[in-house]
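The values are calculated or read from the model by the stated rules, or taken from the named source; none is laboratory data. It should be emphasised that the depicted structure is a prediction, and the values quoted were computed from it without experimental measurement. For neighbour counting, all protein chains shown are included, and Cβ atoms are generated from backbone atoms with ideal geometry for every residue, glycine included.
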């Protein structure tokens, strides 16, 4: 027998089904200050300045430098082949913000800024409106880049936040003038240790800072026998534990969903671990010594080993504090509804007679950086060995935010986060700090990495101009043997690199 | 500062570089006014024969000596970071005592050598010509900063 539905019942059903799309659009009662749905996970992006992947036990390092990061990684995706786009903070951080290589944003010098035409293409503008955006960096050069995006930031904490003693002056000026203030005040009138532009008042400022420091040191001598950590290029001294406490407070009190960009200075030099970690790696271990590079320095190996030891101890100290922070975030349930991304802006070299990252060299220790991403509720570790770059961070964050991948991005969504990368994809690294921002890139080091192959081109260096080096990273991870003249892939890659360099090294307006 | 000018011009537009210079010039004006204020207060507080009587000459001499001393100290700025707690509290007091000592010594000398005092005063008069450059430059810098921000 055929069932019969009355006209009234049919009309009721039709009305009910027709309402369904509208019911889904009724806003959630717990919308955030931004108006975005609270179902959107938070994003916590943490950078440790000058942290090389090579010095983390997570990536197989000889020394146990990162037990807490290892624990964090046990429920995260670990990227084993992640690279920065440059070997120092300014261009690398600018590449992360814009998802463009340094020749496009042209923040290639230490105090360089992103070109004005490029400014609209940035991470903070992309996420504007979806998140409460807060930013904090202890690196003044990265802070200059943040000032270029300050209109998109809901909260911008200055580098001297959570510090023990000392202050920066530029951030006391109006936002629009902060960049000029850094140059005029902090780096000239009150320049640290060297002759100041200010004859009298700067001396008073220094006396005041040192007085505060000595008063603190008398209480903290036991904790930091070799001195209290200081923000590079400033007179600001800090305790890592205090900074982490401060970070927890600002993250915990931020309206959700939030996007936080946290850029901490450790383990950037000066390496100042606490007494708990001092000399813990005085084990006599010395890595394989590599021959000096023509463009490197000639620091004796014993001294480099000492710097490496202090650096590793500083990492272990940082790792401990990071563990404390993670514990607090976990206790508040923030890890359950947040993406937590741990990475760095560049690495640090302790080989070939060269220490640090102020170098024209782009060997793996100074450009291969950690990247660990913990997704909300992730319970198992995943490992990714595909080649990735920090220009991939922005499109990945867009993915996390439910936004389309920006067309102008030179990166791709990271593997394991909703997309797969082409194994033949090229990534690039540029070091060009001795050039004018808008001029021709006359003196530069450019690296092209394709799969396991790495081609490096040195241009414009006295006694090392127009030189190529080719390394097979899989069979020669220490980059000991230059295969430029023998490897079958070298010439093809050189052809492509030359073409790219000829195009991108031209002056820009 | 000027050592870095070439790289500045590579990193900044000319207008940006001018804003930086303007801030520096305005701060220099502020610092000069602070030092002048200290001299004026000292001259007001101390008996006339110690400062007020030959204010122009004595102020000029003190400005030169203190400026030279500050410049020499600037070349050894790293020393400040090696001072311990006792030294860092004592040194400013020592410097203050030296300054007062200088005031009294210069007053003593200038009051007893009128020709020398006249010479210093005439030199100071000549140097005031630089004020015709310095003050307008400072005011222009001040105006430029405000204009730059509001334009």
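Tell me yes or no: at least one residue of region A:237-250 is facing chain B (nearest Cβ under 10 Å) and over 19 Å from residue A:340 (Cα atoms).
no
Considering region A:205-216 alone, what residues qualify as being within 20 Å of residue B:66 (Cα to Cα) and either more than 8 Å from chain B (Cβ to nearest Cβ) or in a loop (DSSP other than H, G, I, E, B) (or both)?
Within region A:205-216, A:205, A:208 meet the criteria.
With the condition kept exactly as written, say whether any residue in region A:188-202 is more than 10 Å from chain B (Cβ to nearest Cβ), surrounded by fewer than 17 Cβ atoms within 10 Å (Cβ to Cβ), in a loop (DSSP other than H, G, I, E, B) and at pLDDT below 90.
No: zero hits.
Somewhere in region A:100-117, is a residue more than 14 Å from every other protein chain (Cβ to nearest Cβ), farther than 19 Å from residue A:433 by Cα, at pLDDT 95 or above and in contact with a helix residue (DSSP H, G or I) (Cβ under 8 Å, 6 or more places away or on another chain)?
No: region A:100-117 contains no residue that is more than 14 Å from every other protein chain (Cβ to nearest Cβ), farther than 19 Å from residue A:433 by Cα, at pLDDT 95 or above and in contact with a helix residue (DSSP H, G or I) (Cβ under 8 Å, 6 or more places away or on another chain).
Results for (1) outside the structural domain of residue A:91 (by TED's automatic domain parsing); (2) crowded, with 19+ Cβ neighbours inside 10 Å; (3) in contact with a strand residue (DSSP E or B) (Cβ under 7 Å, 6 or more places away or on another chain); (4) at pLDDT 95 or above, shown as yes or no for each residue.
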residue	(1), (2), (3), (4)
A:371	no, yes, yes, yes
A:377	no, no, no, no
A:394	no, yes, no, yes
A:397	no, yes, yes, yes
A:420	no, no, no, no
A:429	yes, yes, yes, yes
A:444	yes, yes, yes, yes
A:456	yes, yes, yes, yes
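Is at least one residue of region A:161-177 within 22 Å of residue A:258 (Cβ to Cβ), more than 14 Å from chain B (Cβ to nearest Cβ), in contact (Cβ under 8 Å) with a residue 40 or more places away in the chain and over 18 Å from the mean Cα position of the chain (by Cα)?
So far as region A:161-177 goes, yes, one or more of its residues are within 22 Å of residue A:258 (Cβ to Cβ), more than 14 Å from chain B (Cβ to nearest Cβ), in contact (Cβ under 8 Å) with a residue 40 or more places away in the chain and over 18 Å from the mean Cα position of the chain (by Cα).
So, in region B:77-129, exactly how many residues are within 14 Å of chain A (Cβ to nearest Cβ) and either surrounded by fewer than 11 Cβ atoms within 10 Å (Cβ to Cβ) or more than 21 Å from the chain's Cα centre (by Cα) (or both)?
Residues in region B:77-129 being within 14 Å of chain A (Cβ to nearest Cβ) and either surrounded by fewer than 11 Cβ atoms within 10 Å (Cβ to Cβ) or more than 21 Å from the chain's Cα centre (by Cα) (or both): 15 in total.
Can you pull out every residue in region A:435-480 that is in contact with a helix residue (DSSP H, G or I) (Cβ under 9 Å, 6 or more places away or on another chain) and not in a strand (DSSP E or B)?
Of everything in region A:435-480, those that are in contact with a helix residue (DSSP H, G or I) (Cβ under 9 Å, 6 or more places away or on another chain) and not in a strand (DSSP E or B) turn out to be A:435, A:436, A:437, A:438, A:439, A:441, A:473, A:477, A:478, A:479.
Scanning for something at pLDDT 90 or above, within 15 Å of residue B:106 (Cα to Cα), in a helix (DSSP H, G or I) and more than 9 Å from every other protein chain (Cβ to nearest Cβ), does region B:43-50 turn up at least one residue?
Yes: region B:43-50 contains one or more residues that are at pLDDT 90 or above, within 15 Å of residue B:106 (Cα to Cα), in a helix (DSSP H, G or I) and more than 9 Å from every other protein chain (Cβ to nearest Cβ).
Would a scan of region A:217-233 turn up a residue that is more than 8 Å from every other protein chain (Cβ to nearest Cβ), at pLDDT below 85 and surrounded by fewer than 19 Cβ atoms within 10 Å (Cβ to Cβ)?
Checking region A:217-233: at least one residue is more than 8 Å from every other protein chain (Cβ to nearest Cβ), at pLDDT below 85 and surrounded by fewer than 19 Cβ atoms within 10 Å (Cβ to Cβ).
Would you confirm, using the coordinates I've provided, whether residue A:182 is within 13 Å of another protein chain (Cβ to nearest Cβ), in contact with a helix residue (DSSP H, G or I) (Cβ under 6 Å, 6 or more places away or on another chain), more than 25 Å from residue A:44 (Cα to Cα) and without any contact (Cβ under 8 Å) to a residue 40 or more places away in the chain?
So residue A:182 does not fit the description; no.
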